[in-house]
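The values are calculated or read from the model by the stated rules, or taken from the named source; none is laboratory data. This structure is a prediction, so every number in the text was calculated from the model and none was measured. With ideal geometry, Cβ positions are generated from the backbone for all residues, glycine too; neighbour counts draw on all protein chains shown. Quick note on the areas: whole protein, heavy atoms, side chains included, nothing else; ligands and nucleic acids left out. Shrake-Rupley method; radii C 1.70, N 1.55, O 1.52, S 1.80 Å.
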Amino acid sequence: FLGQFTDPLSAQEWWPSHIGMTDWVAPGPGVPVTMIDSGVDLAHEEFAGRPNTIALNNQTTTANDEELHGTATASVVGAPVNGKGIVGIYPQAKLQLWDASPDGELTVGDEIAGLASAIRHGPGVINLSLGGFDRIPIEEHAILGAFAAGNLVVASAGNDRSEGSSPSYPASFAHVLTVGATDEADHVTSFSSASQAMDLAAPGQDMEAAIPTLFEPTGYAQVDGTSFSAPLVSGAAAAVWTLRPTLTNTQLFEVMRRSARDVGKKGWDADTGYGILHVPAAVTHKAPPPDPQE
């Protein structure tokens, strides 16, 4: 096993070597990661007794099988090194959880309430593994407000490649770090939407994740989607920010994408942005000057 990846299912986690984490170990708790998603199963073995796990509102996971999503995305960020299951990219992350689907249906209103809560409990990294095709001004306003308050906002590019990659929001809003998905061969996945707003990509196929035992008795499953790429970037960004606390959110935004490992067409492209997340490079990448007008 490599570095921090010592739990029983770590061998099923193919992605660490692809993002430079063969011997890099994430720091202790620091900058928070707020997951605005469906609820997290706090009784799951990855979360029960996990330090620095803060439910910002009531967490529900039982309405329908889409409710496994929040547990899975949170585990990709912060599943601890506890001798059970998997290990996340930032095992000791300060995880803040907002359930934006209290009745089993994720709503923009609940997302906006989550953004407001994240602002109150920040600044930090906000993960939005969600999206739709409507450009909703009140959602855009809330996201720009979160950015203005000093947060880094990370969103999934969307999974609509086969339908023509219609622009997805919040990924296509300004000041959102937009993340596509790559596979075991470092190619863009068959589902990952191309986007003019793409910043970088991260593994998002055949991802071993924790899910509520209600849906799978073992508590684990392989999942696919840009939903699972964004948390890798969010967790990495929070770890980098914890190690480099003087960075502004605009500087961190540039560091995360400009330090990516270029794949596909040389330079920026709509499939993978500047390339695949590369954690050690992000730790050392020279920050641009702060841009107070950004």
Taking the options Thr34, Thr6, name whichever one is under 13 Å from Gly85 (Cα atoms) and either of a type in the set (Val, Ile, Thr) or not in a loop (DSSP other than H, G, I, E, B) (or both). Thr6
Which residues, taken from the range 109-118, are surrounded by fewer than 20 Cβ atoms within 10 Å (Cβ to Cβ) and touching a strand residue (DSSP E or B) at 6+ places or on another chain (Cβ under 8 Å)? Asp110, Ala113, Ser117
Against the definition (modelled with pLDDT of 95 or more and surrounded by fewer than 24 Cβ atoms within 10 Å (Cβ to Cβ)), how does Ala194 come out, yes or no? yes
Condition check: surrounded by fewer than 19 Cβ atoms within 10 Å (Cβ to Cβ), touching a residue at least 60 places away in the same chain (Cβ under 8 Å) and over 22 Å from Ala11 (Cβ atoms). Does His121 satisfy that? yes
Yes or no: Leu95 of a type outside the set (Gly, Ala, Ser) and crowded, with 24+ Cβ neighbours inside 10 Å? yes
Residue tally, condition open to solvent by 20 Å² or more (accessible area, probe 1.4 Å), in contact (Cβ under 8 Å) with a residue 60 or more places away in the chain and in contact with an Asp or Glu (Cβ under 6 Å, 6 or more places away or on another chain), over the range 264-294: 1
From the list Asn52, Asn57, Asn127, which residue is touching a residue at least 24 places away in the same chain (Cβ under 8 Å), open to solvent by less than 50 Å² (accessible area, probe 1.4 Å) and under 18 Å from the mean Cα position of the chain (by Cα)? Asn127
Scan the range 216-263 residue by residue and report those that are part of a loop (DSSP other than H, G, I, E, B), of a type in the set (A, V, I, L, M, F, W, C) and either within 25 Å of Gly158 (Cβ to Cβ) or open to solvent by less than 10 Å² (accessible area, probe 1.4 Å) (or both). Ala260, Val263
